[in-house]
Amino acid sequence: MAFLIGLAVIALFVYILYARLIKLKNSALEALSSIDVQLKKRHDLVPNILKIAKKFMDHEEGVLSKVTQMRSISASDYDKNNPEEVSQHLEANKQLQSAMMNLFAVAENYPDLKSQETMVRAQETYEEVEGHISAARRFYNSSVTDLKNAVEIFPSSAIASMIGIKAMPFFEMDEAERKPIDASDYM
Amino acid sequence: MTIAEMREALHSFDSSGFSALLDDLEQKRKDAFKLFLGVVFVSGFVVFFIILTQGMTDIVKFAGFGAVFISFIFYRRVMAVRKEAKGKLMPALCDQIGLEYFLNPPDYVIREFDQLSIIPSYDEKTLEDQITGKVEEIDFELLEAKLVKVTRDSKGRRSKNTVFRGFLVKFDFHKNFSGETIITKDHTFIGNFFTGFGKNGDRVKLEDSRFEDEFEVHSSDQVEARYLLTPTFMERLLHFSRLPNIQQLQLAFKNGSIYMAIKRRGNAFEGGSFNLNDPKLIEQNIRDIALIFDMVTELNLTQETKI
């Protein structure tokens, strides 16, 4: 009888660990989806900015084509359950953000572009979208930290390896990219 | 008007037009105060006389209550004069910088703060000194509130406990958001567990450990909560909550506005002197009004960047 009770307690303990791991994994996936929602907004906004910029920055083909190229790569499909693919997806979006930062920096040399009402509005919208991406990134990283702790700390690490749950990659920004974008710096 | 211009206009307030009025009111206050002291003396004497002649009987209790009651009525006359002075002075001070002042705000203004649970539950409330207007295009409403909880002990005796005294402020917030994010005082692990039941939304775990030590955040949208509470804004909130005058800060974001319940010491807009014609009275009121500018600048509510 005591053996059966002991077994039941162990089974319950294992189940609690299992349920917690699944919950954490789903929470990280939900956070990843919320990043994608925000990244999609940026993805949709980029062509509008490029369209306005092209009118004035015809000598900056390299800068513009880099943005186009990174936008295309960052929109590729990926498997959310595969940490490798998630990492590549997040890295591609980091590259897109870098390309956009570079575009805004170069745009400073074009006073006509800076004074364009449509460009000012587009940049304000971009700034707001970046704010949402940053917030989604913090939510995602917080969820990933919880999952990573559960996957790496015993005894839940043993259950995680048995059922194949892996830690997901962080979505980190480079120090230079962490600086807030102020429209007035560019326009 | 910029904040700097508003500050300058406020500090250059010409009080000469109020001198005669404040002198008159000071005379009225002195007369009312003398009368009050006279009443306290006479009623005290009556009670003392009864004790001497009758001893400690029930009639002493009755006379004692009567003395306190009559004294209170005469004290209210003193307070009414002070209120009259405030009712004349504060609208003029607020008008100087384009703001509106209401001595007795309507009851419904506290409803939103109630619904957001950023003020404690109460049985009685006193609302006064409502100031509304714009600071650098930011709409705001501020009022002073005193909230009292009435409790009864096992013998049915009633006691009153002030659970909140301070400002209730609502500012337009510069970001677009649709959910509800509530930031309340941290009550440690066990306290948060029990207080968390009554709150809307999920708990938001933020990365700033100092902020987490002082506040507990709940939101209907995890991403939006972080969009509002950027690391810089959390830093500003921490700094603001630690200002000497502030005992406790609780706030919420809803419908494009930030709601703040600022528990603080003392009664604002009551002047820095007992005498109504003392220049310190106006100076203190100016300092109290300038708190609005401090809130805007400390929290950088006029910033346009969305990050």
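Surface composition of segment B:35-183: carbon plus sulfur atoms contribute 58% of the solvent-accessible area (1.4 Å probe, protein chains only, all chains present). Ranked by the mean number of other Cβ atoms within 10 Å per residue, highest first, peptides B:62-68, A:91-97 order as A:91-97, B:62-68. Cross-link partners for A:K55 among the lysines, with Cα-Cα distance under 21 Å and sequence neighbours closer than 8 places in the same chain left out: A:K66, A:K114. Per residue, the accessible area of segment B:171-255 comes to 47 Å², computed with a 1.4 Å probe over protein heavy atoms only. The label point for B:H174 and the one for B:K155, both projected 7 Å from the Cα toward the Cβ, are 5.9 nm apart. Leaving ligands and nucleic acids aside, the A/B contact buries around 1300 square angstrom of accessible area in total at a 1.4 Å probe radius.
Simple spin-label estimate for A:M101 and A:M162 gives 4.5 nm between the two label positions (7 Å along the Cα-to-Cβ direction from each Cα). A 1.4 Å probe run over the protein chains yields, for segment B:1-98, 64 Å² of accessible area per residue, whole-number rounding. Summarising the amide proton neighbourhood of B:H187: residues at separation of 5 or more, or on other chains, whose placed amide H is nearer than 5 Å comprise B:N192.
Placing R0 at 30 angstrom, the Cβ-Cβ distance between B:S16 and B:E136 gives a FRET efficiency of 0.55 after rounding to 0.05. For segment B:129-146, putting each phi into the Karplus relation 6.51 cos²θ - 1.76 cosθ + 1.60 with θ = phi - 60° gives couplings of 6, 8, 10, 10, x, 10, 10, 6, 6, 9, 5, 8, 9, 9, 8, 9, 10, 10 Hz, in residue order, rounded to whole numbers and with x for Gly and Pro. A simple spin-label model places the labels of A:F154 and A:A19 2.6 nm from each other, with each point 7 Å out along Cα-to-Cβ. Residues in segment B:1-33 near a label at B:R287, defined as backbone nitrogen under 18 Å from the 7 Å Cα→Cβ point? Counting only backbone N, you get B:7-8, B:10-13. Setting aside same-chain residues fewer than 8 positions from A:K23, which lysines have a Cα under 25 Å from its Cα? Candidates past the 8-residue exclusion: A:K80, A:K148, A:K166, B:K199, B:K205.
In segment A:120-139, burial by the other protein chains removes 30 Å² or more of 1.4 Å probe accessible surface, compared with the chain on its own, from A:E127, A:E128, A:G131, A:H132, A:A135, A:R138, A:F139. Computed from backbone phi with θ = phi - 60° and the Karplus coefficients 6.51, -1.76 and 1.60, the 3J(HN,Hα) list for segment B:11-16 is 6, 9, 4, 8, 8, 4 Hz; x is used for glycine and proline. Applied to segment B:40-51, the Karplus parametrisation 6.51 cos²θ - 1.76 cosθ + 1.60 on θ = phi - 60° returns per-residue 3J(HN,Hα) values of 4, 5, 5, 5, x, 4, 4, 4, 4, 5, 5, 4 Hz, with x for Gly and Pro. Per residue of peptide B:215-224, the mean number of Cβ atoms on other chains within 10 Å of the residue Cβ is 3.
Evaluated over segment B:1-98, the count of Lys pairs having alpha-carbon atoms less than 21 Å apart is 8 (only pairs 8 or more residues apart or interchain). Per-residue mean of foreign Cβ neighbours for B:199-206 is 1 (Cβ atoms of other chains, 10 Å radius).
Backbone amide hydrogens, once placed in the peptide plane, bring B:S257 within less than 5 Å of B:F173, excluding anything fewer than 5 places away on its chain. The ellipsoid that matches the Cα gyration tensor of segment B:100-268 has semi-axes, each √(5λ) in whole angstrom, of 26, 22, 15, with the longest given first. Between B:F194 and B:M1, the FRET efficiency from the beta-carbon distance, with R0 = 60 Å, is close to 0.80.
Pairs of Cα atoms nearer than 8 Å and 6+ residues apart set the relative contact order; for chain B it is 17 percent. Residues whose amide H lies under 5 Å from that of B:G166, counting only those 5 or more places away or on a different chain, are B:A145, B:R264; hydrogens are built 1.01 Å from N in the peptide plane. Neighbours of B:H11 by Cβ distance under 12 Å: Lys/Arg scored +1, Asp/Glu scored -1, total -2. The trypsin sites (Lys or Arg not before Pro) of segment B:131-233 meeting both criteria, a DSSP state outside H, G, I, E and B (loop) and at most 12 other C-beta atoms within 10 angstrom of the site's C-beta, are B:K155, B:R157. Please say if chain B is rounded, prolate or oblate, where rounded means a/c under 1.5 for a ≥ b ≥ c the square roots of the C-alpha gyration tensor eigenvalues, and otherwise the choice is prolate for a/b larger than b/c and oblate otherwise? Oblate. What number comes out for the charge environment of B:A252, summing +1 per Lys or Arg and -1 per Asp or Glu over other residues with Cβ under 9 Å away? Net of charged neighbours comes to -1.
In terms of packing, defined here as the mean over residues of other Cβ atoms within 10 angstrom, the peptides B:285-293, B:27-35 line up highest first as B:285-293, B:27-35.
Going highest first, how would you order A:124-135, A:149-160 by mean Cβ packing within 10 Å?
Result, highest mean Cβ count within 10 Å first: A:124-135, A:149-160.
Potential lengthening of the chain between B:L103 and B:I73 amounts to 8.7 nm, from the contour at 0.36 nm per residue minus the alpha-carbon distance. Mean partner shielding of peptide A:142-150, defined as the number of other chain Cβ atoms within 10 Å of each residue Cβ, is 1.
The values are calculated or read from the model by the stated rules, or taken from the named source; none is laboratory data. Everything quoted here is computed from the prediction, not taken from an experiment. With ideal geometry, Cβ positions are generated from the backbone for all residues, glycine too; neighbour counts draw on all protein chains shown. Side chains included, ligands, DNA and RNA excluded: accessible areas come from the protein's heavy atoms. Shrake-Rupley method; radii C 1.70, N 1.55, O 1.52, S 1.80 Å.
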